[in-house]
Amino acid sequence: MMNECIFCRIVKGNLPASVVHRDGFCMAFMDIQPVNTGHVLVIPTDHVAYVADLDEDVGAHLFRIAQRIAVALPRSFMQCEGVNMFLADGEAAGQEVFHLHLHVFPRYRGDRFGFVWNSSLPHIPARDELDTVAENIKKALT
Ligand code: AMP
Ligand code: ZN
């Protein structure tokens, strides 16, 4: 199919990928536009766009593999100083490929990657506001 998701095409072997790991539930391969060398994407092999649609056991498995990759990065990159794991869920969160994926990539002091956050007008919530928000999220937990 012409408009098939690019990550599904990678899973099927119809697009090239530099594979780090593959098993019955997930695949991990190198990002073609790495934040830093060693940037890996971990994806479920079955197409899922958003976190809400992801089977919890598959999600746990993705994190297990991402964790192993995060541990492997400093071993494979002599100067890897830290690791970020990052998942963009939805366009507003920066998701560009709508096949769920977990980014795992090395970080270095001063590498200039980061979230842009306007901290000029900080909102420091009062405890009762935090408690109310926590209560709302708690009610929504399944
Ligand atoms: P996101 O913004 O979280 O949706 O990230 C999508 C990521 O997929 C970006 O970091 C892209 O560089 C990466 N990407 C897009 N196409 C490919 C591809 N064919 N192989 C590997 N990584 C890709
Ligand atoms: Zn897909």
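The values are calculated or read from the model by the stated rules, or taken from the named source; none is laboratory data. If you're wondering where the values come from, they're calculated on a predicted model, not measured in any experiment. Glycine also receives a Cβ, built like all others from the backbone with ideal geometry; neighbour counts cover every protein chain displayed. All accessible areas refer to the heavy atoms of the entire protein, side chains included, with ligands and DNA or RNA removed. Shrake-Rupley method; radii C 1.70, N 1.55, O 1.52, S 1.80 Å.
Filter segment 22-51 down to the residues that are hydroxyl-bearing (Ser, Thr, Tyr) and away from ligand 1 (no atom under 13 Å from the Cβ) and list them by number.
Thr37, Thr45, listed by residue number.
Does segment 96-112 contain any residue that is over 26 Å from the mean Cα position of the chain (by Cα) and surrounded by fewer than 12 Cβ atoms within 10 Å (Cβ to Cβ)? Give the derivation first.
Filtering segment 96-112 for residues over 26 Å from the mean Cα position of the chain (by Cα) gives none.
Looking through segment 96-112, none of the residues is over 26 Å from the mean Cα position of the chain (by Cα) and surrounded by fewer than 12 Cβ atoms within 10 Å (Cβ to Cβ).
Any idea which of Ala60, Ala49 is within 20 Å of Ile10 (Cβ to Cβ) and small (Gly, Ala, Ser)?
Step by step, each of Ala60, Ala49 is checked, and only Ala49 is within 20 Å of Ile10 (Cβ to Cβ) and small (Gly, Ala, Ser).
What do you reckon, is Thr142 surrounded by fewer than 17 Cβ atoms within 10 Å (Cβ to Cβ), part of a helix (DSSP H, G or I) and among the hydroxyl-bearing types (Ser, Thr, Tyr)?
Criteria not met by Thr142.
Could you look through segment 93-131, keep only residues that are assigned to a loop (DSSP other than H, G, I, E, B) and of a type in the set (Gly, Ala, Ser), and pick out the one that is nearest to ligand 1 (Cβ to nearest atom)?
Keep residues of segment 93-131 that are assigned to a loop (DSSP other than H, G, I, E, B), which gives 94-101, 108-126.
The next check asks that each one be of a type in the set (Gly, Ala, Ser); those that pass are 94, 110, 114, 119-120, 126.
Values: Gly94: 5, Gly110: 21, Gly114: 15, Ser119: 23, Ser120: 26, Ala126: 34 Å.
Taking the candidates together, the pick is Gly94.
Cβ-Cβ distance below 7 Å, separation of 6 or more or different chains: which pairs start in segment 33-59 with a residue that is of a type in the set (Gly, Ala, Ser) and end on one that is in a loop (DSSP other than H, G, I, E, B) and at pLDDT 95 or above?
Ala49/Phe98; Ala49/His99; Ala49/Leu100
So, restricting to strands (runs of 3 or more DSSP E) that lie completely within segment 5-92, which ones have at least 2 residues that are open to solvent by 50 Å² or more (accessible area, probe 1.4 Å)? Lay out the reasoning, then the answer.
Values: elements: 19-22, 26-30, 40-44, 82-86.
Hits in segment 5-92: 19-22, 82-86.
Any idea which of Phe63, Phe7 is away from ligand 2 (no atom under 14 Å from the Cβ) and not β-branched (Val, Ile, Thr)?
Result of the check over Phe63, Phe7: Phe63.
Would you say Asp128 is out of contact with any strand residue (DSSP E or B) (no Cβ under 6 Å at 6 or more places or on another chain), open to solvent by less than 60 Å² (accessible area, probe 1.4 Å) and farther than 30 Å from Cys5 by Cα?
no
Could you tell me which of the residues Leu62, Leu15, Leu87 is within 12 Å of ligand 1 (Cβ to nearest atom) and either modelled with pLDDT under 95 or closer than 28 Å to Leu141 by Cβ (or both)?
Leu87
Quick check, is Val104 farther than 25 Å from Thr142 by Cα, in contact (Cβ under 8 Å) with a residue 12 or more places away in the chain and either touching a helix residue (DSSP H, G or I) at 6+ places or on another chain (Cβ under 9 Å) or within 16 Å of ligand 2 (Cβ to nearest atom) (or both)?
yes
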